[in-house]
Amino acid sequence: MSKVWSICVSYRDEEFDPLGRRTAWEIQDMGISGVGGVKTVQVFQLVGRLDEGEVRMLCEELLHDPIIQQYSYIEGIDASPLFKASNTWSVEVKLKPGVFDSLAESVFKGAEVIGIHSIERVETYMVYLVRGNLSYEKVELLCRRCLANPIIHNYKIHPPLNSNG
């Protein structure tokens, strides 16, 4: 029976996160205040007849660099419990249906190379963890101007755990 696994890969330290640093600089250049930092999380959603051991093997041998990255995973399609935090907005940026996901294709082929043939489908997306005192409107502006390309991406905003919004 097929299962869905959501795997989150992030840098151990914000200093190692080049995309997070660049995004924080872009936000600063836009003149938006209140952002304390940006961390990025690459999410891989795998569908197939995979057990937890195979998921761990994929993480260890294919999906992360153990020197500078860490990973976590959860069974199910909703990965948001892995990245929700106080004072941190999370934004999921996904490719729109029909847009080719080259990273997903690479994961699919890489899994076969390491002997895992039970994956039926792979989807990837990026999560931006934006730390700071921000309103929903500011985060929405960040999405439209910096985090997502509206031609090829959809996005979903998750407010901080300590937020009412």
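The values are calculated or read from the model by the stated rules, or taken from the named source; none is laboratory data. Nothing here was measured: the structure is a model prediction, and the numbers come from that model. Virtual Cβ from ideal backbone geometry, glycine too; neighbours counted across all protein chains shown.
A compact table of results
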quantity	calculated
Odd one out for Val122, checked against (1) outside any strand (DSSP E or B); (2) closer than 24 Å to Glu52 by Cα; (3) not charged (D, E, K, R)	(1)
Residue ranges of strands (runs of 3 or more DSSP E) in region 34-95 with at least 1 members small (Gly, Ala, Ser) and touching an Asp or Glu at 6+ places or on another chain (Cβ under 9 Å)	35-48
Filter pass, Val127 being exposed (fewer than 15 other Cβ atoms within 10 Å of the Cβ), closer than 24 Å to Glu60 by Cα and either more than 12 Å from the chain's Cα centre (by Cα) or modelled with pLDDT of 95 or more (or both)	no
Verdict on Leu147 being touching a residue at least 60 places away in the same chain (Cβ under 8 Å) and out of contact with any strand residue (DSSP E or B) (no Cβ under 9 Å at 6 or more places or on another chain)	no
Lone unmet requirement of (1) outside any strand (DSSP E or B); (2) of a type outside the set (A, V, I, L, M, F, W, C); (3) within 16 Å of Ile7 (Cα to Cα); (4) within 16 Å of the chain's Cα centre (by Cα) for Gly110	(4)
Members of region 132-157 that are modelled with pLDDT of 95 or more and assigned to a strand (DSSP E or B)	His153, Asn154, Tyr155, Lys156, Ile157
So Ile116, is it surrounded by fewer than 19 Cβ atoms within 10 Å (Cβ to Cβ), part of a loop (DSSP other than H, G, I, E, B) and among the hydrophobic types (A, V, I, L, M, F, W, C)	no
Number of the condition not met by Ser72 [criteria: (1) of a type outside the set (Val, Ile, Thr); (2) touching a helix residue (DSSP H, G or I) at 6+ places or on another chain (Cβ under 6 Å); (3) buried (at least 16 other Cβ atoms within 10 Å of the Cβ)]	(3)
Looking only at region 35-67, and only at residues there that are farther than 18 Å from Gly115 by Cβ and surrounded by fewer than 13 Cβ atoms within 10 Å (Cβ to Cβ), the one that is nearest to the chain's Cα centre (by Cα)	Asp65
